[in-house]
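**Q** Would you mind keeping the following structure in view while I ask a few things?
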Amino acid sequence: MPNTKQLEDLTTQVRRDIIRMVHKVNSGHPGGSLGCAEFLVTLYNEIMDRKDGFDMDGIGEDLFFLSNGHISPVFYSVLARAGYFPVEELNTFRLIDSRLQGHPTTHEGLPGIRIASGSLGQGMSVALGAAQVKKMHGENTTIYSLHGDGELQEGQNWEAIMYAAAKKVDNLIATIDLNGQQIDGSTDDVLAMGSLKGKFEAFGWTVVEIEKGNDIDAIIKGMAEAKAKSGQGKPVCVLLKTIMGNGVDFMMHTHEWHGKAPNDEQLAIGLEQNPETLGDY
Amino acid sequence: MKTYTYTEKKDTRSGFGAGLAELGRTNPNVVALCADLTPSLKMGEFIKENPERFFQIGIAEANMMGIAAGMTIGGKIPFTGTFANFATGRVYDQIRQSIAYSDKNVKICASHAGLTLGEDGATHQILEDIGLMKMLPGMVVINPCDFNQTKAATIAIAEYEGPVYLRFGRPSVPIFTPADQKFEIGKAIQLTEGNDVTIVATGHLVWEALEASKALHEQGISAEVINIHTIKPLDDKAILESVAKTGCVVTAEEHNVLGGLGESVARVLATNNPTPQEFVGTNDTFGESGTPAQLMDKYELNSAAIVKKALAVIKRK
């Protein structure tokens with residue numbers, strides 16, 4: 001198991017990857033990617049019980065599904081640095097003939113990806129199907145998924161949330177990236193969702209809150225609590241409070257950088273704030 | 001002229017139910033999902049024999065498609081069951097992203113397709129589903145013609161790796177294909193030989209095409225009836241070989257002519273051997289309440305309509 005410093009160094013490198021990838025093609029989604037960097041780094045390197053290599057069926061290992069596919073930069077960086085494919089391939093993000101499409105897909109055969117996502121609201125259903133198969137196989141493994149908070153405005157989520165509790169899919173830990181921002185502004189301004197904790201609990205889920213969703217120790221503690229509460233007849237929801245754009249000061253606390261790339265000068269500032277740790281791709 | 005008879009009529013959905021039940025006994029990877037329509041989809045036998053492999057989703061078709069996609073991860077072969085309308089149009093984006101684009105081995109099984117759903121009316125009578133599904137890259141589209149063929153198709157698609165749309169219906173129709181006929185995806189079946197006109201039909205219209213060929217025979221016209229059970233991939237070769245002989249074609253389907261089998265045939269002909277063609281299908285319209293027979297008559301989806309179009313297309317040669 002890596003220590004916190006190692007996870008922090010990896011996160012810093014992932015942040016560099018994110019802003020360099022998005023800058024190079026002048027497109028992509030840096031804000032949500034940066035906000036979830038600590039979480040995905042910790043999930044893949046500390047929390048999940050993964051096998052070496054990749055096969056689609058993932059028998060006998062924990063699986064992860066990204067529902068808010070637009071944060072592909074952080075997903076690709078974390079996957080590459082976990083060994084699923086060469087980090088050099090991050091150079092091809094969003095370019096023609098690349099396996100690193102704008103939004104994640106299985107269609108180009110990129111190891112680590114098990115479902116296409118991008119059109120929002122579909123990932124929880126997919127995670128549920130995978131979780132039920134794990135149960136059929138008698139596995140003691142966990143399915144993890146990540147969803148945007150704004151994404152919960154898609155109705156399919158609530159079909160899935162209702163189903164998960166009714167069918168006692170308690171090997172699913174679904175994390176909601178609670179950054180409070182979406183394209184047109186704050187989630188409260190666009191379509192206020194009230195208490196997500198109250199909603200998930202009313203639907204029969206166990207809820208774990210991680211107040212400091214960009215703090216690696218807090219994530220480890222919170223996810224350990226979530227894991228401990230799984231397997232008890234209820235699906236588990238983690239409300240992960242993050243700061244969009246975390247780690248690059250001018251991108252923080254705003255929806256402005258949801259889907260906008262930094263220019264040369266802004267990239268330089270972002271990189272200066274995140275010095276190279278493990279080596280750039 | 002080869003003639004076809006029948007001793008029994010059954011609904012094609014029962015063929016699906018029988019095929020699914022057999023898969024339950026022979027293929028342990030097959031799982032079934034349904035959105036609160038198990039009696040309509042005739043899934044009872046499978047459920048009774050394999051309760052641990054059946055998933056009741058509730059009235060939530062979008063969730064069902066996503067769950068089915070997820071269940072392929074780990075090696076299951078999910079068969080989803082609901083009405084054709086809710087299996088396609090309602091969940092098009094879920095199918096597009098989570099199943100088709102994600103290359104998932106899901107079998108989307110759809111009953112009550114077309115006008116023959118009858119009295120429930122246009123809200124449930126989808127006439128656009130073949131078009132929607134055939135446009136999805138990688139999606140196989142199958143519309144069998146009777147109980148036996150639907151059962152055989154259900155069994156065959158479990159052996160095929162990749163997404164499939166299987167369309168069937170509610171009314172009882174003659175059983176005229178052999179119970180032991182092997183179902184080959186993408187392989188047309190020539191039912192009668194003829195020289196004057198080719199009739200390419202799918203689903204419930206295949207029996208009507210055979211009836212039409214009898215009526216044409218009485219007028220001295222020999223019609224070659226081809227059963228296209230697989231609309232995608234289309235058996236181009238069978239169609240081209242037949243029209244090379246007959247010089248004209250009528251296509252017949254319980255579907256909008258826009259986007260249906262007929263347009264797929266027209267593409268094949270236009271790019272290989274431009275040939276006069278007439279279309280039997282609905283003409284850019286919704287359906288309405290009525291008995292299946294009344295509706296097929298009013299919307300000109302029966303043997304009489306096929307005869308009329310055959311006579312018209314022969315004149316255009």
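**Q** With (1) touching a His at 6+ places or on another chain (Cβ under 9 Å); (2) among the acidic types (Asp, Glu); (3) modelled with pLDDT of 95 or more as the list, and residue A:265 as the residue in question, which single condition is left unmet?
**A** Every condition holds for residue A:265 apart from (1).
**Q** Which pairs turn up if I take residues in the range A:57-85 that are on the phi < 0 side of the Ramachandran plot and without any contact (Cβ under 8 Å) to a residue 24 or more places away in the chain and look for partners that are among the aromatic types (Phe, Trp, Tyr) and surrounded by fewer than 24 Cβ atoms within 10 Å (Cβ to Cβ) with beta carbon separation below 8 Å, at least 6 apart in sequence or on another chain?
**A** Listed by first residue and then by second, the contacts come to nothing, as the list is empty.
Listed here are the residues, each with its yes/no results for (1) crowded, with 17+ Cβ neighbours inside 10 Å; (2) assigned to a loop (DSSP other than H, G, I, E, B); (3) within 14 Å of chain A (Cβ to nearest Cβ).
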site: B:2; (1), (2), (3): no, yes, no
site: B:10; (1), (2), (3): yes, no, no
site: B:21; (1), (2), (3): yes, no, no
site: B:31; (1), (2), (3): yes, no, yes
site: B:62; (1), (2), (3): yes, no, yes
site: B:66; (1), (2), (3): yes, no, yes
site: B:69; (1), (2), (3): yes, no, yes
site: B:81; (1), (2), (3): yes, no, no
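**Q** What tally of residues in the range A:227-281 results from selecting those that are assigned to a helix (DSSP H, G or I) and out of contact with any helix residue (DSSP H, G or I) (no Cβ under 9 Å at 6 or more places or on another chain)?
**A** Result for the range A:227-281: 5.
**Q** Failed condition for residue B:254, given (1) of a type in the set (D, E, K, R); (2) more than 24 Å from residue B:170 (Cβ to Cβ); (3) outside any helix (DSSP H, G or I), with all others met?
**A** Failing condition for residue B:254: (2).
**Q** Quick test of your reading of the structure: residue A:136 fulfils all but one of (1) closer than 30 Å to residue A:208 by Cα; (2) among the hydrophobic types (A, V, I, L, M, F, W, C); (3) touching a residue at least 24 places away in the same chain (Cβ under 8 Å); (4) within 14 Å of another protein chain (Cβ to nearest Cβ). Name the failing condition by number.
**A** (3)
**Q** Of (1) touching a residue at least 40 places away in the same chain (Cβ under 8 Å); (2) touching a helix residue (DSSP H, G or I) at 6+ places or on another chain (Cβ under 7 Å); (3) of a type outside the set (Phe, Trp, Tyr), residue B:67 satisfies all except one. Which?
**A** Among (1) touching a residue at least 40 places away in the same chain (Cβ under 8 Å); (2) touching a helix residue (DSSP H, G or I) at 6+ places or on another chain (Cβ under 7 Å); (3) of a type outside the set (Phe, Trp, Tyr), residue B:67 violates only (1).
**Q** Right, residue A:264: under 28 Å from residue A:85 (Cβ atoms) and not β-branched (Val, Ile, Thr) or not?
**A** Yes; evaluated as a whole, the condition is true for this residue.
**Q** On the basis of being crowded, with 21+ Cβ neighbours inside 10 Å, within 20 Å of residue B:202 (Cα to Cα), assigned by TED's automatic domain parsing to the domain that holds residue B:246 and free of Cβ contacts under 8 Å to residues at least 60 places away in the same chain, does residue B:275 make the cut?
**A** It is true that residue B:275 is crowded, with 21+ Cβ neighbours inside 10 Å, within 20 Å of residue B:202 (Cα to Cα), assigned by TED's automatic domain parsing to the domain that holds residue B:246 and free of Cβ contacts under 8 Å to residues at least 60 places away in the same chain.
**Q** For the range A:99-213, which helices (runs of 4 or more DSSP H) that fit wholly inside it have 1 or more residues that are crowded, with 24+ Cβ neighbours inside 10 Å and out of contact with any helix residue (DSSP H, G or I) (no Cβ under 8 Å at 6 or more places or on another chain)?
**A** Per the criteria, A:123-136.
**Q** Of all the residues that make up the range A:166-204, how many are within 14 Å of another protein chain (Cβ to nearest Cβ) and under 22 Å from the mean Cα position of the chain (by Cα)?
**A** Adding up the residues that qualify gives 4.
**Q** Sticking with this one: Determine which single condition residue B:73 fails, assuming it passes every other condition in (1) within 14 Å of chain A (Cβ to nearest Cβ); (2) in a strand (DSSP E or B).
**A** For residue B:73, the exception is condition (2).
**Q** When residues of the range A:28-79 are filtered for being more than 14 Å from every other protein chain (Cβ to nearest Cβ) and over 28 Å from residue A:254 (Cβ atoms), how many remain?
**A** Looking only at that region, the number is 8.
**Q** If I filter the range A:121-129 for residues that are among the small types (Gly, Ala, Ser), closer than 29 Å to residue A:13 by Cα, in contact with a strand residue (DSSP E or B) (Cβ under 8 Å, 6 or more places away or on another chain) and more than 13 Å from chain B (Cβ to nearest Cβ), do I get at least one hit?
**A** No, the range A:121-129 has no match at all.
**Q** I'm told residue A:255 meets every condition in (1) at pLDDT 95 or above; (2) more than 14 Å from residue A:21 (Cβ to Cβ); (3) surrounded by 15 or more Cβ atoms within 10 Å (Cβ to Cβ) except one. Can you identify the failing condition by its number?
**A** (1)
**Q** Read through the list (1) under 19 Å from residue B:137 (Cα atoms); (2) within 14 Å of another protein chain (Cβ to nearest Cβ), then give the number of the only condition that residue A:97 fails.
**A** The single condition residue A:97 does not satisfy is (2).
**Q** Is there a residue in the range B:49-57 that is over 21 Å from the mean Cα position of the chain (by Cα), part of a strand (DSSP E or B) and more than 9 Å from chain A (Cβ to nearest Cβ)?
**A** yes
**Q** I've got another one for you. Collect the residues in the range A:214-225 that are more than 27 Å from residue A:253 (Cα to Cα) and surrounded by 14 or more Cβ atoms within 10 Å (Cβ to Cβ), keeping them in residue-number order.
**A** A:225
**Q** Something else: When you look at residue A:91, is it touching a Cys at 6+ places or on another chain (Cβ under 9 Å), polar (S, T, N, Q) and either surrounded by 23 or more Cβ atoms within 10 Å (Cβ to Cβ) or closer than 23 Å to residue A:279 by Cα (or both), yes or no?
**A** For residue A:91, the condition - touching a Cys at 6+ places or on another chain (Cβ under 9 Å), polar (S, T, N, Q) and either surrounded by 23 or more Cβ atoms within 10 Å (Cβ to Cβ) or closer than 23 Å to residue A:279 by Cα (or both) - is not met.
**Q** Just to be sure I understand, how many residues within the range B:287-301 are touching a Phe, Trp or Tyr at 6+ places or on another chain (Cβ under 9 Å) and outside any loop (DSSP other than H, G, I, E, B)?
**A** The number of residues fulfilling the criteria is 0.
**Q** Can you tell me which residue is farthest from residue B:212 (Cα to Cα) among those in the range B:257-286 that are of a type in the set (Gly, Ala, Ser) and assigned to a helix (DSSP H, G or I)?
**A** Here the residue is B:270.
**Q** When you scan the range A:230-241, do you find a residue that is closer than 15 Å to residue A:30 by Cα and not basic (Lys, Arg), even just one?
**A** Within the range A:230-241 (the criterion being closer than 15 Å to residue A:30 by Cα and not basic (Lys, Arg)), the answer is no, since none of the residues qualifies.
**Q** Another question, then. Looking at (1) in contact with a helix residue (DSSP H, G or I) (Cβ under 6 Å, 6 or more places away or on another chain); (2) surrounded by fewer than 24 Cβ atoms within 10 Å (Cβ to Cβ); (3) not charged (D, E, K, R), which one does residue B:101 not meet, given that it meets all the others?
**A** (1)
**Q** Which of the numbered conditions does residue B:109 fail, given that it passes all the others? Conditions: (1) away from chain A (no Cβ under 14 Å); (2) crowded, with 24+ Cβ neighbours inside 10 Å; (3) part of a loop (DSSP other than H, G, I, E, B).
**A** (3)
The values are calculated or read from the model by the stated rules, or taken from the named source; none is laboratory data. All of these numbers come straight from a predicted model, not from anything done at the bench. Here the Cβ is made from the backbone with ideal geometry for all residues, glycine too, and neighbour counts use every protein chain on show.
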